[in-house]
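All remarks here apply to the structure that follows.
The values are calculated or read from the model by the stated rules, or taken from the named source; none is laboratory data. Everything numeric in this text was worked out from a predicted model, so none of it was measured. For neighbour counting, all protein chains shown are included, and Cβ atoms are generated from backbone atoms with ideal geometry for every residue, glycine included. We work out accessible area using only protein heavy atoms, side chains counted, and drop any ligands, DNA or RNA first. Shrake-Rupley method; radii C 1.70, N 1.55, O 1.52, S 1.80 Å.
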Amino acid sequence: MSVSPVSSSPLPSPAVPAPTQGELLDFVRRTAADTELIASLPLDPEGRTWVRLTGPGGSEAWLIGWPPGTGTGWHDHADSVGAFLTASGELKENALAARLPTDGWRTLELTDGVDRERRLTAGQGRAFGRHHVHEVLNESPDRHAVSVHAYYPPLPRIRRYSRTGQVLRLEQVELPEDWQ
């Protein structure tokens, strides 16, 4: 499979149906199996690296390198559905198994039992729905991880959170122009 990096996501055509979560998961699975593409990602010893890819049906897609000990912090992808898969190494996902209000709050106290943890080794991934709150980590002390991600619609915003115990606090809302 050949996937070419691109500089921006084209807007989806109204004639092209929106990709489903399953189709996004199939895309990240096929892309992660492209060993030449995975090996081509430059890896930095200290910071995450990424290359934008062309995703299916106008989706936004990324190939991401994770140095040892790095992570995303708690965040969501707003109105986008998505999927990601570990291509090499191992990633840990901490997620909330509860639907949070989408707007109008700055601090929430989480109930017991909402935390979920997944360890995703090479070849393992998952799809997720809108407003999915999670963090992704490479907890390895000495090994990079590489993953493939896809989102539809292309990310309208990312909300970043801090978490202390059961308290989740909205810290920042990022827009696409913040990532360009």
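Rolling a 1.4 angstrom probe over region 45-173 with all protein chains present gives an accessible area of which 47% lies on carbon and sulfur atoms.
Which of D103, D34, D76 ends up with the largest GNM mean-square fluctuation for the chain, with Cα atoms connected below 10 Å? Between D103, D34, D76, it is D103 that shows the largest mean-square fluctuation. The mean sequence distance of close C-alpha pairs (under 8 Å, at least 6 residues apart), as a share of the length of region 42-138, puts its relative contact order at 37 percent. Its DSSP H runs of at least 4 residues, each contributing -39,500 (n - 2.57), put the calculated 222 nm mean residue ellipticity of the chain at -3000 deg cm²/dmol, to the nearest 500. Each residue of region 125-131 was assigned a 3J(HN,Hα) from its phi angle through the Karplus curve 6.51 cos²θ - 1.76 cosθ + 1.60 (θ = phi - 60°); the sequence is x, 7, 9, 8, x, 4, 6 Hz, with glycine and proline shown as x. Which of these, P154, P67, P141, has the largest mean-square fluctuation under a Gaussian network model of the chain (Cα springs below 10 Å)? For the chain, modelled as a Gaussian network with Cα springs under 10 Å, the answer is P141.
Counting only protein heavy atoms and a 1.4 Å probe, the chain has 50 square angstrom of accessible area per residue. Comparing P68, P101, P153 in a Gaussian network model of the chain, where Cα atoms under 10 Å apart are tied by springs, the biggest mean-square fluctuation is seen for P101. Were the residues from E174 through T35 laid out at 0.36 nm apart, the gain over their Cα-Cα distance would be 46.8 nm. Here the mean projected area of the convex hull built on the C-alpha positions of region 80-148 is 5.5 nm². Put simply, the amide H of S88, placed in the peptide plane, has neighbours under 5 Å in V146, leaving out anything fewer than 5 places away on its chain.
What the Cα atoms of the chain give is an Rg and a Dmax of 15.9, 47 Å.
Amide H contacts under 5 Å for D115: A97, restricted to partners 5 or more places along the chain or on a different chain, H placed in the peptide plane at 1.01 Å from N.
Each principal axis of the Cα atoms in region 51-109 has its own extent, and those three values, largest first, are 35, 33, 17 angstrom. Using the Cβ-Cβ distance between R160 and Q124 with R0 set to 25 Å, the FRET efficiency works out to roughly 0.50.
The V114 and E139 beta-carbon pair, evaluated with R₀ = 22 Å, returns a calculated FRET efficiency of approximately 0.55. Taking all Cα pairs closer than 8 Å and separated by 6 or more residues, the relative contact order of the chain comes to 29 percent.
The W50 and D79 beta-carbon pair, evaluated with R₀ = 25 Å, returns a calculated FRET efficiency of approximately 0.70.
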